[in-house]
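A.B. asks: Dropping a structure here in structure tokens format, bear with me for questions.
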Amino acid sequence: MGTSSESRPWRWPVLIVMWCLCGALVMGLVFAGAHGLAAGGSRVWTFPLLGTALISVGCLLGLLFAVPRSPPSDDKNAAVTGTSDRAHSMHNDNLIEIADWLTKIIVGLGLVHLHQAVGGLDELCQRLAGALSIGRGDLRSVVGALASGLGVPSGPPPHSAFVFAMVLFFPITGFLLAYLVTRMFLQPALVEADVGASRLAGKNVAIDTAQDMDILVERQKTDSQVAGRTAPVEAPSDPPSDVQDNLRGLVQVYESVTDDDYDRRVAKKNAAARDIYAAAVKHGVARSWLAGQPGDGYIVALAQAAEQSPDPTDAQRLVEAGKRAKWKHAKYRIALGLRRMIEGGMVKGAAIAPVRETLHGFLQEDDMPLRNLAVRALLPLG
């Protein structure tokens, strides 16, 4: 999926780590083959096959731990999106529930038997190394030795140290790689695919009716506060200094909102955002001026103007704002504005690519309501 490196500076370091993990796994398999070649017989293939099996185990565990989950109703880490935190994904949750059960079982058993971990790991390595030492070391003899309970000689087997290193290296590296791949690519893809499938099936793509209802209520509150007016697209001059000072103060209030209670924090942020937009409308502050100011408070006002009364030129301004936005609340408002413009047929031609890139970037955020809104905004673009 296309993303913007400016808006997500963490993306390239994570990708570099992923490539390093891939390179480490490849080098590990090469060393395993070289060790098998030096050991003679068919072990040149058996050792890399063992490494591949260990990588698969690590990748499976990484997938189980990273598979996307629907946020609980009291999730305090959900974005301050101006919506109820009841929003959730409508896709089939069977895989999520199974992964959750298995994860808890694995962690629980691991904690209960933690004192036996060292002994169990040593026994596993001794058994694998002993099986690899039997006969020519081909796959059939290794599997047969393990199945018959053989493979643990009286003394240390020849390959025990190397097998011990493989048992530690391959699963851990595979786990990290699978976890990062799932979080960065598989999770957003699953969200987009599920919502798209729902639409093709003729279902309601409103992920949560309560979410759409909250959006509508917030829009009505804003309309009432500004009496149906909106911020102009352009203005002959910058706002006066006293108006700029007033807006700056309102933005500071918005950006300083804190509250341990999620619902109160959402209400305060929404109220502060409405105050900024109402002040901009009252004094005729242009959207072009708002777009050039630093701070998420100005971005929220710009996005609100685009949602209330969209203009074709708002698309570029929202795309640029998406690169600077820090808070998920502001990103959610940008997504709302872009969705309104897309539904109104105002995103055309050359504007489609950057808008799609911005929305795809929101799919990378660790927030289900924001990802769902981005997917729904993307659907008309194909």
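A.B. asks: Among the residues of the range 267-304, which ones are β-branched (Val, Ile, Thr) and assigned to a helix (DSSP H, G or I)?
C.D. replies: Passing the criteria: Ile276, Val281, Ile299, Val300.
A.B. asks: Shifting gears a bit: Residues being at pLDDT 70 or above and in contact with a Lys or Arg (Cβ under 9 Å, 6 or more places away or on another chain): count how many of those fall in the range 171-198.
C.D. replies: Result for the range 171-198: 2.
A.B. asks: Next up: Could you please let me know if Leu50 is modelled with pLDDT of 85 or more, buried (at least 17 other Cβ atoms within 10 Å of the Cβ) and part of a helix (DSSP H, G or I)?
C.D. replies: yes
A.B. asks: In the range 366-379, is there at least one residue being of a type in the set (D, E, K, R), under 20 Å from Phe185 (Cα atoms), touching a residue at least 60 places away in the same chain (Cβ under 8 Å) and assigned to a helix (DSSP H, G or I)?
C.D. replies: Narrowing the range 366-379 to residues of a type in the set (D, E, K, R): 366-367, 371, 376.
Remaining after also requiring under 20 Å from Phe185 (Cα atoms): 366-367, 371, 376.
If we keep only those that are touching a residue at least 60 places away in the same chain (Cβ under 8 Å) as well, we get 366-367, 371, 376.
Okay, now just the ones that are also assigned to a helix (DSSP H, G or I), so 371, 376.
Yes, because at least one residue in the range 366-379 is of a type in the set (D, E, K, R), under 20 Å from Phe185 (Cα atoms), touching a residue at least 60 places away in the same chain (Cβ under 8 Å) and assigned to a helix (DSSP H, G or I).
A.B. asks: I would also like to ask the following. Looking at (1) surrounded by 21 or more Cβ atoms within 10 Å (Cβ to Cβ); (2) not in a helix (DSSP H, G or I), which is the only condition Ala330 fails?
C.D. replies: (2)
Matching residues to (1) modelled with pLDDT under 50; (2) among the β-branched types (Val, Ile, Thr); (3) outside any loop (DSSP other than H, G, I, E, B); (4) within 23 Å of Met184 (Cβ to Cβ):
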site	(1), (2), (3), (4)
Gly62	no, no, yes, yes
Phe65	no, no, yes, yes
Pro71	yes, no, no, yes
Asp75	yes, no, no, yes
Ala79	yes, no, no, yes
Gly82	yes, no, no, no
His88	yes, no, no, yes
Asn92	no, no, no, yes
Asp100	no, no, yes, yes
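The values are calculated or read from the model by the stated rules, or taken from the named source; none is laboratory data. Everything numeric here is computed off the predicted structure, so don't read it as measured data. Methodologically, a virtual Cβ is constructed for each residue, glycine included, from the backbone with ideal geometry; neighbour enumeration extends over all protein chains shown.
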